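Novice: The following block contains the structure, expressed as structure tokens.
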Amino acid sequence: MAEKSFKYIILGGGVSAGYAAREFEKQGVKPGELAIISKEAVWFSRLSTLVLCISHITLNYISRWLLMNAPRSAKGAARLPGFHVCVGSGGEPQPPEWYTEKGITLILSTEIVKADLVSKTLTSAAGDTFIYEVLIIATGSTVLRLEDFGIEGANLKNIFYLREIEDADKLVQAIGNKKDGKALVVGGGYIGLELSSALIVNNFQVSMVYPEPWCMPRLFTADMAAFYEGYYTKKGVNIIKGTVAAGFVSNDNGEVKEVKLKDGRVEEADMVVVGVGAKPLINLFKGQVEEEKGGIKFYGDNAGDSVVFGDHDPASEKPKFGTYWLKDGKVVGAFLEGGTPEENTAISNVAKVQPSASSLESLASEGLEFASKI
Ligand SMILES: Cc1cc2nc3c(=O)[nH]c(=O)nc-3n(C[C@H](O)[C@H](O)[C@H](O)COP(=O)(O)OP(=O)(O)OC[C@H]3O[C@@H](n4cnc5c(N)ncnc54)[C@H](O)[C@@H]3O)c2cc1C
């Protein structure tokens with residue numbers, strides 16, 4: 001069994017690994033010092049998964065709401081190369097040759113089955129060992145399933161998730177089989193919003209159910225969410241907030257036909273799509289790292305107060321709005337919907353530079369102009 005040693009190892013070959021490799025390169029990592037180990041057979045196949053999901057069911061990476069606005073001829077349009085890791089944030093594409101050129105070793109088709117953080121050794125399913133000085137864990141997440149919560153009927157046919165390419169294939173097939181049917185989307189996060197859009201575009205009657213007071217509550221402020229909820233409603237999505245799916249009823253074929261909500265309502269559904277989150281894949285490190293909320297403890301900080309600026313009326317022809325987050329006199333975060341490429345660059349610059357600002361009120365009144373001065 002082979003043994004290899006590297007100064008740095010990134011475990012996982014997904015999105016984070018791509019960004020980390022770019023940063024290593026920027027910091028001047030020397031040829032041979034860095035290796036990336038991934039169980040995927042193809043570099044960035046997870047990202048390709050997303051690209052494929054996106055091209056299959058026409059999700060728009062940058063502006064979800066635009067999707068429902070897009071002409072039907074836009075369906076299926078692939079968005080490479082803009083979708084490559086790091087291109088979206090202004091970097092160069094990172095195909096496998098990029099890594100070879102930079103002296104970064106890609107070790108594919110290699111699943112790590114044991115990690116010993118004391119001896120700094122990873123062991124693969126084939127029995128090979130990899131020694132590191134510094135390990136970066138980038139193993140990603142796995143989807144949370146309703147069966148995990150013991151929900152009645154959660155394993156019925158036509159209840160779908162979206163994480164892997166196989167999930168996307170099944171979903172695309174069901175969309176074809178249940179043409180113009182009724183779909184219920186469980187969850188008001190990224191997956192819920194994206195899938196509701198895709199289902200509307202495919203002529204489904206869509207209801208979306210989530211327990212929170214607004215969609216994407218961990219990312220959107222109430223003002224930001226109000227725009228998207230208004231827009232989705234205008235496009236025909238029936239948003240049901242403040243409750244959850246509590247059970248599923250089947251027809252004679254074992255397919256879902258009704259969803260029982262916790263508040264007593266019952267919704268008809270030919271198919272259900274579930275997007276209730278993901279859990280970090282940290283089994284390899286159990287007992288070796290400090291855990292918090294099902295993942296490795298994150299030593300971070302939360303962003304201060306927020307203010308929305310611009311036209312965030314969902315009924316507008318061309319809404320364009322943004323949000324700034326202000327903390328201790330500094331703008332620590334920025335968001336923009338409907339911006340031009342130049343405006344998007346200006347906004348991302350604000351997030352990078354974190355300039356000072358006197359108050360939320362001044363940021364609200366200056367809006368994009370504030371960003372253009374940075
Ligand atoms: C359908 C869908 C759409 C999305 N859309 C967006 C979007 O529009 N914008 C956005 O910012 N985010 C989006 N996301 C989220 C984004 O994909 C994730 O945030 C991102 O992939 C996380 O990056 P990661 O590197 O942590 O994990 P991943 O990209 O999942 O990579 C983890 C890698 O680790 C490998 N791995 C795991 N365990 C092992 C092991 N034991 N041995 C070897 N290799 C291992 C995996 O095979 C994988 O290659 C979307 C997600 C999905 C599912």
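Novice: Within the set of pairs 6 or more residues apart or between chains, which connect a residue that is of a type in the set (D, E, K, R) inside segment 128-139 to a residue that is within 12 Å of the ligand (Cβ to nearest atom) with Cβ atoms less than 9 Å apart?
Specialist: Asp128/Ile107; Asp128/Thr110; Asp128/Leu122; Glu133/Ile9
Novice: I would also like to ask the following. Quick one: count up the residues across segment 149-190 that are part of a helix (DSSP H, G or I) and buried (at least 19 other Cβ atoms within 10 Å of the Cβ).
Specialist: Residues that pass the stated criteria total 4.
Novice: Restrict the check to segment 35-42 and report whether at least one residue is under 20 Å from the mean Cα position of the chain (by Cα), within 9 Å of the ligand (Cβ to nearest atom) and not in a helix (DSSP H, G or I).
Specialist: Yes: segment 35-42 contains one or more residues that are under 20 Å from the mean Cα position of the chain (by Cα), within 9 Å of the ligand (Cβ to nearest atom) and not in a helix (DSSP H, G or I).
Novice: Please count how many residues of segment 123-165 are acidic (Asp, Glu) and away from the ligand (no atom under 16 Å from the Cβ).
Specialist: Here the count works out to 4.
Novice: Within segment 247-256, is there a residue that is buried (at least 16 other Cβ atoms within 10 Å of the Cβ), in the same structural domain as Gly189 (by TED's automatic domain parsing) and closer than 23 Å to Pro217 by Cβ?
Specialist: Looking through segment 247-256, none of the residues is buried (at least 16 other Cβ atoms within 10 Å of the Cβ), in the same structural domain as Gly189 (by TED's automatic domain parsing) and closer than 23 Å to Pro217 by Cβ.
Novice: Taking Ala174, is it over 28 Å from Leu11 (Cα atoms), of a type outside the set (Asp, Glu) and within 16 Å of the ligand (Cβ to nearest atom)?
Specialist: It is true that Ala174 is over 28 Å from Leu11 (Cα atoms), of a type outside the set (Asp, Glu) and within 16 Å of the ligand (Cβ to nearest atom).
Novice: May I pose another question? Residue by residue through segment 267-278, note down the ones that are part of a loop (DSSP other than H, G, I, E, B), within 13 Å of the ligand (Cβ to nearest atom) and buried (at least 17 other Cβ atoms within 10 Å of the Cβ).
Specialist: Passing the criteria: Gly275, Val276.
Novice: Let me ask you something else. Would it be correct to say that Gly339 is modelled with pLDDT under 95, surrounded by 13 or more Cβ atoms within 10 Å (Cβ to Cβ) and outside the structural domain of Asp116 (by TED's automatic domain parsing)?
Specialist: Answer is yes for this residue.
Novice: Here is a follow-up. Looking at segment 279-312, which of its residues are out of contact with any Lys or Arg (no Cβ under 7 Å at 6 or more places or on another chain) and in a strand (DSSP E or B)?
Specialist: Lys279, Pro280, Glu292, Gly295, Ile296, Asp305, Ser306, Val307, Val308, Phe309
The values are calculated or read from the model by the stated rules, or taken from the named source; none is laboratory data. Note that this is a predicted model, so its numbers are computed, not measured. FYI the Cβ positions are ideal-geometry reconstructions off the backbone, even for glycines, and counts take in every protein chain you see.
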